[in-house]
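Right, one structure below, let's go through it.
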Amino acid sequence: GSVVASYPYDDSPTHKPTGVYSKSADDEVFKYLAKAYASHHPIMRTGKPNCPGEEGETFQDGITNGAQWYDVEGGMQDYNYVWANCFEITLELSCCKYPPTSELQQEWENNRDALLAFIEKV
């Protein structure tokens with residue numbers, strides 16, 4: 001896990017594991033939507049999720065192009081965009097895939113304003 005808003009494409013023509021920006025025709029729209037969420041999230045907006053084992057990982061403005069972060073062939077986000085014209089971003093909301101119950105209230109607090117800002121854009 002991480003704390004970042006990722007947008008298409010997740011797959012790249014070269015299929016290099018990381019570092020290849022895979023721009024979609026609607027790249028500016030995707031960046032706009034990803035930033036709408038990230039800029040309202042107290043951790044995501046810093047671009048420094050500080051996840052255990054990945055402390056040096058950073059994301060400018062709290063967003064990333066999926067393939068630039070890591071290449072995913074056949075991902076749902078790309079499939080929906082290409083085949084259903086569905087604009088979809090992926091929100092990584094926590095370093096931990098399954099946060100303990102004791103942390104859920106804080107997760108809600110971290111994401112409430114961001115979610116409302118994103119819904120307003122949609």
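Using amide H atoms built in the peptide plane, which far-off residues or other-chain residues are under 5 Å from Thr64 H to H?
It is Ala5, Ser6, Tyr7, by chain and number.
Only Cα pairs under 8 Å and at least 6 apart count here; give the relative contact order of the chain as a rounded whole percent.
On the way: 222 pairs, mean separation 48.6, N = 122.
It rounds to 40 percent for the chain.
Can you report the principal axis dimensions of the chain using only the alpha carbons, biggest first, rounded to whole angstrom?
41, 34, 23
By how many nm would the segment from Asn85 to Arg112 grow when fully extended, if each residue of separation counts as 0.36 nm and the alpha-carbon distance is taken off?
On the way: separation 27, 0.36 × 27 = 9.72 nm, distance 2.70 nm.
Full extension of this stretch gives 7.0 nm more.
Only helical DSSP H runs with n ≥ 4 go in: add -39500 (n - 2.57) per run for the chain, normalise by residue count and round the 222 nm mean residue ellipticity to 500 deg cm²/dmol.
That comes out to -10500 deg cm²/dmol.
List the residues, sorted by chain then number, that are 5 or more residues from Ser2 or on another chain and whose placed amide H is less than 5 Å from its amide H.
Here the answer is Leu93, Ser94, since their amide H atoms fall under 5 Å of that of Ser2.
What does the accessible area of His40 come to, in Å² to the nearest 10, when a probe of 1.4 Å is used?
For His40, the solvent-accessible surface is approximately 90 Å².
Compute the accessible area per residue over the stretch 4-120, keeping the other protein chains in place, probe 1.4 Å, unit Å².
Values: 7030 Å² over 117 residues.
About 60 Å² of surface per residue is accessible.
Taking a probe of 1.4 angstrom, what is the accessible area of Val122 in Å², to the nearest 10?
Here the accessible area works out near 130 Å².
Could you state how much accessible area Phe87 has, in square angstrom rounded to the nearest 10, with a 1.4 Å probe and all protein chains kept in place?
Spelled out: Phe87, probe radius 1.4 Å, area about 80 Å².
Rounded to the nearest Å, what's the spacing between the alpha carbon centres of the stretch 1-76 and the stretch 84-122? Just the number, please.
14
Taking Cβ-Cβ under 4.7 Å as the only way to count a partner, pick out the unpartnered cysteines of the chain.
Cys86, Cys96
Heavy atoms only, probe 1.4 Å: what % of the accessible area of the chain goes to carbon and sulfur, would you let me know?
On the way: 3960 of 7300 Å².
That fraction is 54 percent.
The values are calculated or read from the model by the stated rules, or taken from the named source; none is laboratory data. Keep in mind that this is a model prediction, so the values were computed, not measured. No Cβ is skipped: glycine too gets one built from the backbone with ideal geometry, and neighbour counts run over all protein chains shown. What goes into the accessible areas is simple: the full protein's heavy atoms, side chains included, and nothing from ligands, DNA or RNA. Shrake-Rupley method; radii C 1.70, N 1.55, O 1.52, S 1.80 Å.
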